[in-house]
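Each remark here refers to the structure printed beneath this line.
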Amino acid sequence: MIKTCLFPAAGYGTRFLPATKSLPKEMLPILTKPLIHYGVDEALEAGMDNMAFVTGRGKRALEDYFDRSYELEDQIKGTSKEYLLDDIRNLMSSCQFSFTRQEDMKGLGHAIFTGKTLVRDEPFGVVLADDLCINTAGEGVLAQMVKVYEKYRCSIVAVMEVEKEDVSKYGVIAGKSISDDLIMVSDMVEKPAPKDAPSNLAIIGRYILTPDIFDIIERTPAGKNGEIQITDALLEQAKNGVVMAYKFKGKRFDCGSVEGYVEATKYFYEKEFAKKKNDKK
């Protein structure tokens with residue numbers, strides 16, 4: 001039902017300077033796969049095969065990653081290393097990739113609006129690749145959210161509980177509980193001070209948005225630092241219709257921070273090490 005996933009990927013990644021001076025933060029590897037690869041895997045698992053990227057200057061590595069590398073492939077063809085390209089080849093054969101550029105960094109809302117040219121007039125997913133999400137016991141976060149969308153047919157944000165002192169790092173929601181893992185949103189604030197936060201339910205980088213969000217973003221005024229926030233647009237959508245917040249099942253790593261990136265790398269290394277150890281038994 002939902003075929004397109006939008007990847008806003010134009011940010012500067014300043015927390016990883018100097019590495020991100022020339023390398024997109026979405027290309028930072030967790031073991032041998034870049035963050036963006038994990039995000040596309042998640043979208044494909046959710047049934048989305050049209051991958052749309054909003055990039056910026058210095059982000060050509062993203063396009064190159066999802067393209068053929070004739071010289072490299074020729075060098076390792078027939079060798080013991082050729083299998084290492086199997087994952088990316090499978091993605092390239094399973095998905096379509098399109099790219100557009102965000103000329104000015106004016107917030108996540110503006111980045112999503114920039115992707116309008118790549119999204120048909122239909123609901124679509126949004127993945128922020130530096131939020132790395134896994135669920136070892138079942139479906140990925142986006143696949144879980146698709147099931148919620150199929151029931152309610154409205155915009156959906158993924159949320160998780162955070163410590164009260166950390167709410168200023170996130171968009172925060174409040175609303176009426178529909179079930180243990182679902183809230184009908186009535187309030188949404190971008191990076192509130194702890195004393196002003198309506199709850200400790202923080203939005204993470206997974207969304208399903210209905211196409212009317214583009215018209216709402218277009219008339220949403222810029223806020224702090226001249227940025228257009230997706231939370232402001234979603235709050236208007238919630239006031240005039242329905243927006244659901246979903247408490248996803250799984251684990252999320254904030255790979256936009258050095259601490260979270262190291263934690264994710266350690267987790268995946270130990271998981272891979274344990275797998276190899278079991279394979280030898």
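The values are calculated or read from the model by the stated rules, or taken from the named source; none is laboratory data. What you see is a predicted model, and the numbers here were worked out from it, not measured in a lab. A quick note on method: Cβ atoms are made from the backbone with ideal geometry, for glycine too, and the neighbour counts reach across all protein chains shown.
Among residues of region 34-52 that are part of a strand (DSSP E or B), those with a beta-carbon under 7 Å from a residue that is basic (Lys, Arg) at least six positions away or on a different chain give the pairs Asn50/Lys3.
Taking first residues from region 93-105 that are farther than 19 Å from Ile230 by Cβ and partners that are among the small types (Gly, Ala, Ser) and at pLDDT 95 or above, the Cβ contacts under 7 Å between residues at least 6 apart in sequence or on separate chains come to Ser98/Ala52. Criterion first (at pLDDT 95 or above and hydrophobic (A, V, I, L, M, F, W, C)) does Met184 satisfy it? Spelling it out, Met184 is indeed at pLDDT 95 or above and hydrophobic (A, V, I, L, M, F, W, C). Taking every residue in region 184-195 that is more than 17 Å from Lys247 (Cβ to Cβ) and pairing it with any residue that is surrounded by fewer than 14 Cβ atoms within 10 Å (Cβ to Cβ) and among the basic types (Lys, Arg), at least 6 positions away or on another chain, the pairs with Cβ-Cβ distances below 6 Å are Pro194/Lys164.
Say we look at region 71-111 and pick out the residues that are under 21 Å from the mean Cα position of the chain (by Cα) and among the β-branched types (Val, Ile, Thr); which of these is surrounded by the most Cβ atoms within 10 Å (Cβ to Cβ)? Per the stated criteria, the residue is Ile88.
For the structure I just gave you, tell me whether Leu62 is surrounded by 15 or more Cβ atoms within 10 Å (Cβ to Cβ) and either over 12 Å from Ala129 (Cα atoms) or in contact with a strand residue (DSSP E or B) (Cβ under 8 Å, 6 or more places away or on another chain) (or both). The answer is yes for Leu62. Among the residues of region 23-33, write down those that are crowded, with 20+ Cβ neighbours inside 10 Å and either assigned to a helix (DSSP H, G or I) or modelled with pLDDT of 95 or more (or both). Matches in region 23-33: Lys25, Glu26, Met27, Leu28. Screening Leu17, Leu44 for residues that are touching a helix residue (DSSP H, G or I) at 6+ places or on another chain (Cβ under 8 Å) and either at pLDDT below 95 or aliphatic (A, V, I, L, M) (or both) leaves exactly one candidate, Leu44. Among the numbered conditions (1) over 19 Å from Leu132 (Cβ atoms); (2) not in a helix (DSSP H, G or I), the only one that Leu72 does not meet is (2). In region 209-232, how many residues are hydrophobic (A, V, I, L, M, F, W, C) and either surrounded by fewer than 24 Cβ atoms within 10 Å (Cβ to Cβ) or over 18 Å from the mean Cα position of the chain (by Cα) (or both)? Of the residues in region 209-232, 5 are hydrophobic (A, V, I, L, M, F, W, C) and either surrounded by fewer than 24 Cβ atoms within 10 Å (Cβ to Cβ) or over 18 Å from the mean Cα position of the chain (by Cα) (or both). Filtering region 129-165 down to residues that are free of Cβ contacts under 8 Å to residues at least 40 places away in the same chain and part of a helix (DSSP H, G or I), which residue is farthest from Lys249 (Cα to Cα)? Step by step, filter region 129-165, then rank; the result is Glu165.
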